[in-house]
Amino acid sequence: MTTGQLIFIFLTITSSLTFTTTFSLRPLSGNRRTLPSQKHLRSDQFTVLINGYSESRIPILHTITGIYSSSPSVAAVVVLWGNTKTPVKTLVELSHNLSVSSPGDAPISVIRQPSSSLNDRFLPRPWISTRAVMICDDDIEIDRKSIEFAFNIWRNNPEQLVGLFARSHEFDLTNRRWIYTVHPDRYSILLTKFMLMKTEYLYQYTCGGGESMAQARLIVDEMRNCEDILMNFVVANTTGVGPVLVGAKRVRDWGDARNEGGRGLMTTEEVAVGLSSRKKDHRKRRGDCITEFHRVLGKMPLRYSYGKMVDSIGEQGLCEKGGKLVFCDQQFSK
Ligand SMILES: *[C@@H]1O[C@H](CO)[C@@H](O)[C@H](O)[C@H]1NC(C)=O
Ligand SMILES: *[C@@H]1O[C@H](CO)[C@@H](O)[C@H](O)[C@H]1NC(C)=O
């Protein structure tokens, strides 16, 4: 047996060990006792859960995980790898490559999702030690200052979703169905491209809401889409108010076709790998999801918010509304 073969076997064993451990860390569905109690979760830091999918984005993933890992408010960075076709060997290599960080930085790890279900993004994880989690995609690059700013906004609004990308639901009176759209001055849905929320909502999404939520999660699987919209339903159902939109200083959306020319990192084909890039059909399908969620849950919990929190002079948050900067206090009540 050559050294090469030995190394290969070692890798195989390590990888199966790594992933077996990961699997055993999964909570039994609905078993609250496997999760740390709320009061033991720390609120001065948050956990970053990055949805990894495309091997072509691994170079970007290096950059992004590095930024999060060196942010003072981040306790841990975990890449949740959702592409079941990626070889174990690649993930072991990726895990090794990413874990080489500077002393003092938050640890970075890679976990293979148990299935290709998009609902797996929101599995409650017993190893999360923070009160807040940040859910984000593997193609969004944000500056550290804006990350800290968003976290501060979350700390002041811990029940609400806080994020950088907003959309809206709207009722189409002619066709009597919901549509998914972008509205110039109001929003009701935040995207998981970058979203901060209470860790507790992972449990509510996965285990709460009874039979109707089970049906809604099934719709996510059937549509292979809309888990983010469903999370917005779950949170709005709890809070009775809309989410909080935050402005960032610098955002780079590598999944956005407008970045194609950017640094020449991605080809058109790679951009097309993104789950939501078939734009034409995309909005219609997302509207269908809203209509279906409304049907199975028996109500429409989504609420509109207006204005955006922007980081500016002083501690007082200023909001941008209709092109003017105003104090945010009254912005998020309805
Ligand atoms: C890991 O790093 C090595 C050396 O820089 C590189 O050749 C390899 O492609 C990387 N693999 C992954 C999956 O990141
Ligand atoms: C919405 O809230 C109600 C009342 O608090 C609760 O009974 C129901 O399970 C919630 N539904 C979802 C989908 O979370």
Flag for Ser115 being among the polar types (S, T, N, Q) and either within 16 Å of ligand 1 (Cβ to nearest atom) or open to solvent by less than 40 Å² (accessible area, probe 1.4 Å) (or both): no
Leading residue by the ranking (surrounded by the fewest Cβ atoms within 10 Å (Cβ to Cβ)) among those in the stretch 68-108 that are within 14 Å of ligand 1 (Cβ to nearest atom) and under 19 Å from the mean Cα position of the chain (by Cα): Asn83
Verdict on Leu164 being away from ligand 2 (no atom under 15 Å from the Cβ), in contact with a strand residue (DSSP E or B) (Cβ under 8 Å, 6 or more places away or on another chain) and closer than 21 Å to Gly52 by Cα: yes
Identity of the residue in the stretch 199-226, open to solvent by less than 10 Å² (accessible area, probe 1.4 Å), out of contact with any strand residue (DSSP E or B) (no Cβ under 8 Å at 6 or more places or on another chain) and more than 10 Å from ligand 2 (Cβ to nearest atom), that ends up farthest from Tyr304 (Cα to Cα): Val220
Qualifying residue in the stretch 208-218 (condition: among the aliphatic types (A, V, I, L, M) and without any contact (Cβ under 8 Å) to a residue 40 or more places away in the chain): yes
Answer residue from the stretch 227-243, given it is crowded, with 23+ Cβ neighbours inside 10 Å and assigned to a loop (DSSP other than H, G, I, E, B) and is nearest to ligand 1 (Cβ to nearest atom) among those: Pro243
Subset of the stretch 168-198 (residues that are in a strand (DSSP E or B), more than 16 Å from ligand 2 (Cβ to nearest atom), under 15 Å from the mean Cα position of the chain (by Cα) and in contact (Cβ under 8 Å) with a residue 60 or more places away in the chain): Phe194, Met195, Leu196
Close pairs from the stretch 282-310: first more than 19 Å from Asp185 (Cα to Cα), partner more than 12 Å from ligand 2 (Cβ to nearest atom) and of a type in the set (Gly, Ala, Ser), Cβ under 7 Å, at least 6 apart: His282/Ser276
Hey, Thr47 at negative phi, more than 11 Å from ligand 1 (Cβ to nearest atom), surrounded by 12 or more Cβ atoms within 10 Å (Cβ to Cβ) and at pLDDT 95 or above or not: yes
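The values are calculated or read from the model by the stated rules, or taken from the named source; none is laboratory data. Remember, predicted model here, so these are calculated numbers, not experimental data. Counting neighbours? That spans all protein chains shown, and the Cβs are built from the backbone with ideal geometry, glycine included. Quick note on the areas: whole protein, heavy atoms, side chains included, nothing else; ligands and nucleic acids left out. Shrake-Rupley method; radii C 1.70, N 1.55, O 1.52, S 1.80 Å.
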